[in-house]
Structures are given as C-alpha cells and as structure tokens.
Amino acid sequence: MVSILRDLRYILIENRMGLIGFAIIMFFTLIAIFADIIAPYNPYELVGPPYTPPNERFILGTNDIGQDIFSEFIYGSRISLYVGFTAPILSSIIGTILGIIAGYLGGYIDELVVGAVDVMLALPSLPLIIILAAYLGPSLNNIILVLAIFGWPGFARMVRSQVLSLRERAYVEAARATGAGSFRIMFRHILPHVVPLVIANIVLSATSAILTEAGLSFLGLGDPIAKSWGQILRRAQVGHALHQGLWLWVFTPGLAIALLGTGFTLLGVAIEEKVNPRLKHSRR
Amino acid sequence: MLRYFLLSRAIRMLAVFFIIIILNFILPRAMPGNPASILANEYNLPPETVKILVSLWKLDRPLHEQFVAYIESLFTGQWGYSYKYYPRTVYELVMERLPWTLLLQGVTSITVPAFGMLMGILAGWRRGTKYDVAVTISAIIVYAIPYYWLALMFQYVFGYQLRIFPIAHALTPGASYSNFLEYVADVLWHLTLPVLVVTLTAYASYTLVTRNSMVDILEEDFMFVARAKGLPERTLMKHALRNALLPPLTMLAIRLGHIVGGAVITETVFSYPGVGYLIYESIMFKDYPVLNAAFFMLSITVIVANFAADLLYAVVDPRIRYVRRG
C-alpha cells in the first residue's frame, strides 16, 4: 500500500511529464462532467442562423445547420474520454486474461494464444478497422468493439511474457506447494503483479483509441448521433468551413484531440517509467 | 534454427492470408442484397441483364461453389463491377488510381523515416541533454496530432490565405501541358502540401523508436569498451548506428506494406486520386466490390511486407533466430 502511494507520488508529483499529462486529462474530465453547466446551448438544438462567424453569442460560431459549435465542442469531450477509457480497458481485460492463461498453463493453449496474437498483429489494422466499421455500421459501441478486437493482442503478448518469468518465482512455487489451484495462482498471485504494467499500457493506448475514433468520425464512419470532436471536423469539412474563413470551427476540436492525446501519452510514459524495470536503467 | 524460424513465419503468413480470404468472402455476403440486385436497383437494369449477372457471378449456386469461383476470380483480377462507376470494372479503377498512391506514398516513405530517424539519432546520442528532452517531448505531442487536422490548417494558411499551394487534386483540373516538364512541375506542386503534412505528423514514431534504441545501445558493454579504447566519436557513432537502426528499419519495412491502401485519410482530405481516396468513395457509396478488392490487395502487400521485415531482421540480426518470441 505504501509503495503504491510512493509510486503515485512519483508519477503525479515528482515526474513533471506525469503531472502535466494528469492535469490535461483532469481538465477535459472536468469539462466532460460539467458539460451541462459550461455549454451555453443544447448542442443538438438549432439556436442560430447557419454559418454564423464567432461572436459574443456564439463563441466559435454556428455550424452548417445552426447548432452552437462551442456547445458541440464541450460535449465532444465526453465521447473522446469515453472511447479513450473503454476501448483500452476492454482490450486489456481480454488480453490480460488470455495472456495469464497462456503464460501460466503453457502447452497447446499457449501455442494457440501466441498463434492468434501473431496473426492479429500481422493483419493490416487501420484499413481493416475502416472497412469493418463500414460494414458494421456507424455506432460508437461498434467502434469501441472494433478497437478492442485489434487492441487485445498487444496486451496478451505483454502480459504473457511477464507471466513467463513470474511463474518461476519462489512465491508462486510456495503457493503451489500449499495446494493452491492453477486458477487461484493465476488470478490471486500472478495477476496483481502484472496490473501496474497493464495500467501503463491502458493509458498509453488511450491516445491511439482517441485518434482512431476521431479519424473514423472524420471519414463519416462515426456515430452520427454522438457529438464527437471528429464529427465536428467532418461537418466543417463537408460544410466547406475553411472556404468561408471559419477556421476556428476546425482549429478548436483538432487542438483538443491533440492535447488530450498528448496528456494520455505523457501520463502513460510516466507510469511506464515507474513500473517497467527495463526502462528504469536506460534513462539518465 | 533459421529453418525453424522461417517455417513458423511462413505458417503464420499463410494463416493470416487464409483469414483475410475468408473475411473477404463472408463480409459482402453478410450484407443485405447481392451485387446483381444492388446494380439493378441503382441503374434500373432490365431483368435479363440481372439474370445474366447472377449466373455470371454464380450467385444462384451453393456457397461452396461460390467460394471456389471467388478464389478463382481473386487471382485472375476479375473483381466485378463498381457500383458507383458502373459499367467500369473494379480492376480498371484500382489500376488507374494505383500510380498516384505509389507516388505519394513513395515520396513520404523516404521523407518520414529520414527526418524521423535523424531526429532520433541526434536525441539518443545526446541523451539527457536539453536537446534530447525537446525532441522527445515534441515527438510525443506530434504523435497525438491528427494529421487530417494539420492538413486542414495547412490548407487554410497556404491554400486559402497565402494562395501558394493547391488544396486538392493531383493535377490542375482542365490544364493542358506544352511539355513534359510543365506536367512534372504541376504534379510536384500538388504533391507539396500532402507530403509536408504527412512528414510533419508521421515522423514522431520513428524519432521515439530510434531514440530509445540508440539509448539502449549506448548503454551496452561493447560501447563502453569502445569508448574506453579511446576510439574517435565518428567510429563510436558508426558502431552505435549499425545496431540502433534495426528497429526503425523494421518499422520502415512494415510501412512499405501499407503503401497500397495506406493513406485513406490523407488522400481524402486532399482529394488526391489514389487508392485511399477510392476506398473512401467506396465507403460513402457502399461500393462493396471496390472495397473488397482494395482490402484484398492491401492485405496481400501488408502480409508480404511483414514477412519481408521478419526475414530482413533474421538475416541482419542473428540473435533473433535463437530467441523464441515471448
């Protein structure tokens, strides 16, 4: 318990990268939580004339059908954070369970999981994600599902290689000697030791999940009902916003995607530096 | 050991290939309607034509016969007709778009790794300095920038405001060229913004990988010995580079596999007439035959490139062969 607190202290306070990353994520989390209070309008409501340039009433102007872009932007943080957390967590659950089972039990189960991981990692993920999203139809949960399908192999491979060394440790042997079953050893004794690295990788893969969701929405494969930052960019592109000089309409959501993505990467790198023993020595 | 390694990789490649072929067969058949009825609806084809198409594509046959026919057609380039550009064939469309994609991707496959690796080498060599920190942090930020967003902002600044670069297409529409040089100039002029944007956003992963690999190598014992022997900096750099460039070079080999289908979003945002833009159009129009063909083609190139990257690695780095992956 004390060591966890010490790690947290290092990650969030002493490591400047972790602190900045955490601050950025908190900033957008607060915006997402208090969206109802911050946003001046309902983002779905037609509140002004279409293509209004930014003014006192509409800070970022209105879109091609007269919705307030600033309100859309505020609510958009919810979608990005939702995807950024759920997709990697879903991948990590599948990947961790399979990785532990494969690494601990070995044998043909291991061969099977390693084979599946190798095959998945060799598939062309982005075009496949685009095509699967096109076939499955536009919905936020479909996007998360597709992201998880392509996300779990990375987790499985990482967890498995950790388990290979953990299962030889004395404490595991002691547990086995006292008659603990495989299931108990895997999930009571080994799991807690891989969790820190898994968390680091959840945070690190949030960035690519957010970028992929935004990219799919920008291509028109996103959920048309969910107001995401990628969706705002799509409307701006389809509605020729730049042609009319409405550059803030494009600038703001893209900047937010980049900022939030940077936040997750910074925090992820800080956590990884703390929990991955290999990295500790290679940095000076 | 090398034989075992090659065999396991070859088996994996075949497995991936098999999965892609199956997916490619199932996905379009899981969609409502079949190619013949969709074409009939879209273009008001007479029932006789539909009948001919149905028997031509064996859509009235049982699934296993369809599967055999499908395998045959895949390898003979008979990928059917585009829904959107009917009566043009998918094969024609893909071949027409391919050169533009190869051009754009070919150029960025040089600029991106070159720029990225250079930054990474310098940062790793001067690890721990302010320069290293600046390069690493900026690469982390750049990694999170959506490139279509940077593309849009560049279009706004260089296209709409300064008016020095075109924001769309690969050639000036309706232009006629008096000589070949003029044509080349027009092509390059349209290529500038896409290449610039891709380079400025995609270099980051090369930088981070090269930098970390460089730092790892510089910590190795043999580097310590080399330094202790008093070898000049140039020679040390050469020793380090030989080892440190392996990971980024593998990344490059894998990137080459994504050349064909690669830049869907880049080409879309610049309306660049390559295969990526064709894929986008097919998604918008639900042009499934084109989507399928494109998916098949780019999967094959990705698989082959991954295999090549594995081979390259096994040949260049003998350590790989003896370690089973895990």
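The values are calculated or read from the model by the stated rules, or taken from the named source; none is laboratory data. The structure presented is a predicted model; accordingly, all values stated were derived computationally and were not measured. For neighbour counting, all protein chains shown are included, and Cβ atoms are generated from backbone atoms with ideal geometry for every residue, glycine included.
Assorted remarks:
- Screening the range A:103-142 for residues that are hydrophobic (A, V, I, L, M, F, W, C) and without any contact (Cβ under 8 Å) to a residue 24 or more places away in the chain and picking the one that is farthest from the other protein chains (Cβ to nearest Cβ) gives A:Ile109.
- Filter result for A:Leu246 (hydrophobic (A, V, I, L, M, F, W, C), within 9 Å of chain B (Cβ to nearest Cβ) and surrounded by 21 or more Cβ atoms within 10 Å (Cβ to Cβ)): no
- Applying the condition of being closer than 18 Å to B:Leu196 by Cβ and of a type in the set (Ser, Thr, Tyr) to the range B:124-148 and asking which residue is surrounded by the fewest Cβ atoms within 10 Å (Cβ to Cβ) yields B:Ser138.
- Condition broken by B:Ala314, with the remaining ones in (1) crowded, with 19+ Cβ neighbours inside 10 Å; (2) modelled with pLDDT under 80 satisfied: (1)
- Wholly enclosed helices (runs of 4 or more DSSP H) of the range A:1-74 bearing at least 3 residues modelled with pLDDT of 90 or more: A:16-33, A:35-38
- Cβ-Cβ distances below 6 Å connect the following pairs, each with a first residue in the range B:287-308 that is among the acidic types (Asp, Glu), a second residue that is buried (at least 24 other Cβ atoms within 10 Å of the Cβ), and a separation of six or more residues or different chains: B:Asp287/B:Ser82.
- Hits in the range B:180-204 - residues which are surrounded by fewer than 19 Cβ atoms within 10 Å (Cβ to Cβ) and small (Gly, Ala, Ser): B:Ala185
- Restricting attention to the range B:99-112, the residues that are surrounded by fewer than 21 Cβ atoms within 10 Å (Cβ to Cβ) and in contact (Cβ under 8 Å) with a residue 12 or more places away in the chain add up to 6.
- Any hit, the range B:124-141, residues being hydroxyl-bearing (Ser, Thr, Tyr), over 26 Å from A:Gly215 (Cβ atoms) and either free of Cβ contacts under 8 Å to residues at least 40 places away in the same chain or more than 10 Å from chain A (Cβ to nearest Cβ) (or both): yes
- Among the residues listed as A:Val163, A:Val119, A:Val113, the single one being part of a helix (DSSP H, G or I), among the β-branched types (Val, Ile, Thr) and at pLDDT below 90: A:Val119
- A:Pro196 meets each of the listed conditions (1) farther than 22 Å from A:Pro88 by Cα; (2) within 17 Å of the chain's Cα centre (by Cα) apart from (1).
- Test set (1) more than 10 Å from chain A (Cβ to nearest Cβ); (2) part of a helix (DSSP H, G or I) - B:Gly159 fails condition number: (1)
- Of the listed requirements (1) within 14 Å of chain A (Cβ to nearest Cβ); (2) closer than 30 Å to B:His239 by Cβ; (3) among the hydrophobic types (A, V, I, L, M, F, W, C), B:Ile167 misses just one: (2).
- Listed by position, the helices (runs of 4 or more DSSP H) contained in the range B:212-298 that have at least 1 residues being more than 9 Å from every other protein chain (Cβ to nearest Cβ) and under 23 Å from B:Gly128 (Cα atoms) are B:221-228, B:233-244, B:246-257.
- Test: A:His189 is more than 10 Å from chain B (Cβ to nearest Cβ), free of Cβ contacts under 8 Å to residues at least 24 places away in the same chain, assigned to a helix (DSSP H, G or I) and over 22 Å from the mean Cα position of the chain (by Cα): yes
- Among the residues listed as A:Ile149, A:Ile144, A:Ile130, the single one being surrounded by 21 or more Cβ atoms within 10 Å (Cβ to Cβ), touching a helix residue (DSSP H, G or I) at 6+ places or on another chain (Cβ under 9 Å) and modelled with pLDDT of 90 or more: A:Ile144
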